[in-house]
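Below is one structure; the comments refer to it alone.
The values are calculated or read from the model by the stated rules, or taken from the named source; none is laboratory data. Since we're looking at a predicted model, the values are computed, not measured. All Cβ positions, even for glycine, are placed from backbone atoms using ideal geometry, and neighbour counts span all protein chains on display. Side chains included, ligands, DNA and RNA excluded: accessible areas come from the protein's heavy atoms. Shrake-Rupley method; radii C 1.70, N 1.55, O 1.52, S 1.80 Å.
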Amino acid sequence: MKPRRLTVLAAACAVLAGGLVSIAGRADAAAGCSVKYTVSSQWPGGFGATVDVTNLGDPVSSWTLTFALSAGQTIGQLWNGTVTQSGTAVTVRNAGWNGAVGTGGTASFGFTGSWAGANPAPSSFALNGVACTGGVTPTGSTSPSTSPSVSPSLSTSPSTSPSTSPSTSTPPGDGPTRVMALGDSITGSPGCWRALLWQRLPAAEVDFVGTLPGQGCGFAYDGENEGHGGYLVTNVAAQNLLPGWLATSDPDVVLMHFGTNDAWSNLPPATILNAYTTLVGQMRAANPRMRVIVAQIIPLNPPTCADCGQRVVALNAAIPGWAASLSTAASPITVVDQWTGFDTATDTYDGVHPNDTGNTKIANRWYPAVSAAL
């Protein structure tokens with residue numbers, strides 16, 4: 001039985017005067033917010049959730065969201081921010097790239113956690129110290145699946161980001177879910193994060209597909225992929241390469257970490273995202289119910305490109321908005337934060353390509369989103 005998807009919505013918060021403080025020094029900003037709290041999956045003893053906070057007040061340059069997990073739930077892994085928890089009290093602060101939220105803008109983060117006995121939604125939130133008032137209205141059942149399901153047994157490194165809007169697509173029929181890993185050398189040369197991810201997924205439920213064979217990672221694994229070393233996503237789109245790969249492999253899910261070479265080539269984020277849009281259109285032409293999982297890519301710090309790191313930051317900052325504008329109920333786009341907590345000094349061997357530690361981090365972050373898609 002698949003984990004049930006549960007959604008609880010925190011109603012729009014009243015606009016409150018005074019008290020909102022940001023790093024920019026504003027102590028007089030008008031405050032207000034709406035919060036959407038979504039339990040995207042739940043299994044005995046564990047759950048995954050996303051939180052979307054829309055700023056209804058003045059723009060802020062940083063944010064802190066506080067809330068209580070009243071039944072004693074504990075957060076294990078969190079992405080798109082940093083978390084501290086003391087008893088039931090939870091404090092989440094923005095990541096390095098998503099602190100600025102304009103009026104009407106939305107900041108999102110997700111997490112996996114544990115629970116026992118009950119798993120109610122938080123009853124209240126506060127943004128930068130100002131209470132967001134309003135009730136919480138659960139929709140659907142809050143009971144867990146009574147059948148065993150695959151629960152994430154994650155390492156202490158940050159985990160994968162579920163979709164900013166949970167998938168409502170129809171799961172594939174009988175047989176394993178076909179997953180295509182699409183990207184450049186970080187995905188395919190050798191891309192041993194794929195091997196580590198494959199180890200953790202139920203073999204009967206997943207089939208990695210692609211026109212390229214797997215490379216050696218120290219153990220046998222299902223290695224087919226579309227990780228083309230040196231490729232730019234803009235060239236793949238312009239040269240119409242993806243439709244042939246899709247026709248050969250017929251994936252249900254595309255797992256995409258793409259754009260490193262484009263950033264290195266100093267292509268602007270808008271150009272890269274236009275290529276993403278072209279590829280998503282081709283995916284949906286091949287399969288109208290394609291599920292797309294897109295990475296905010298790992299940091300880039302080659303010795304010959306001092307500006308590459310900031311180019312990746314700019315691209316990653318634009319990806320969630322792009323995904324939200326293009327995601328549909330039939331073909332949802334999930335965003336996974338592969339950037340936060342990834343250190344090119346310790347997690348790559350050359351400032352670009354992951355080493356063993358980096359591969360483990362990448363696999364851990366993909367895992368919940370891929371597991372949820374099976």
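Using the 1.4 Å probe convention, the accessible area of the stretch 259-306 works out to 38 Å² per residue with neighbouring protein chains retained. Accessible area of ARG178 (1.4 Å probe, protein heavy atoms only, ligands and nucleic acids ignored): about 70 Å².
When the solvent-accessible area of the stretch 179-244 is split by element, carbon and sulfur atoms take up 53 percent of it, the probe being 1.4 Å.
Once divided by 2.2 N^0.38 Å, the Cα radius of gyration of the stretch 316-374 becomes 1.33.
Just check the stretch 62-104 against the gyration tensor rule for me: Cα atoms, a ≥ b ≥ c as the square roots of the eigenvalues, rounded for a/c under 1.5, and otherwise prolate or oblate depending on whether a/b exceeds b/c. Prolate shape, in that a/c is at least 1.5 and a/b is the bigger ratio. Looking at the stretch 252-304, the trypsin sites (Lys or Arg not before Pro) that sit in a DSSP loop and have at most 16 other Cβ atoms within 10 Å of their own Cβ are ARG289. Here's how it looks for VAL294: its modeled amide H is under 5 Å from those of MET256, THR334, VAL335, VAL336, which are all 5 or more places away or on a different chain.
Heavy-atom accessible area with a 1.4 Å probe sorts SER114, SER70, largest first, into SER70, SER114. For the residues LYS361, LYS36, a 1.4 Å probe over the protein chains yields an accessible-area ranking, largest first, of LYS36, LYS361.
For the residues ASP356, ASP58, ASP307, ASP184, a 1.4 Å probe over the protein chains yields an accessible-area ranking, largest first, of ASP356, ASP307, ASP58, ASP184. With contacts taken as Cα pairs under 8 Å at a separation of at least 6 residues, the stretch 30-111 carries a relative contact order of 35 percent.
Please say if the stretch 214-309 is rounded, prolate or oblate, where rounded means a/c under 1.5 for a ≥ b ≥ c the square roots of the C-alpha gyration tensor eigenvalues, and otherwise the choice is prolate for a/b larger than b/c and oblate otherwise? Here the stretch 214-309 falls in the oblate category.
3J(HN,Hα) couplings calculated from phi for the stretch 278-293 with the Karplus curve 6.51 cos²θ - 1.76 cosθ + 1.60 (θ = phi - 60°) are, in sequence order, 4, 5, 4, x, 5, 4, 6, 5, 6, 8, x, 10, 4, 9, 10, 10 Hz; Gly and Pro show x.
Please say if the stretch 219-374 is rounded, prolate or oblate, where rounded means a/c under 1.5 for a ≥ b ≥ c the square roots of the C-alpha gyration tensor eigenvalues, and otherwise the choice is prolate for a/b larger than b/c and oblate otherwise? Since a/c reaches 1.5 and a/b is larger than b/c, the shape of the stretch 219-374 is classed as prolate. Across the stretch 307-317, computed HN-Hα scalar couplings (Karplus, 6.51 cos²θ - 1.76 cosθ + 1.60, θ = phi - 60°) run 8, 4, x, 5, 4, 5, 4, 5, 5, 4, 5 Hz from first to last residue, x flagging Gly and Pro.
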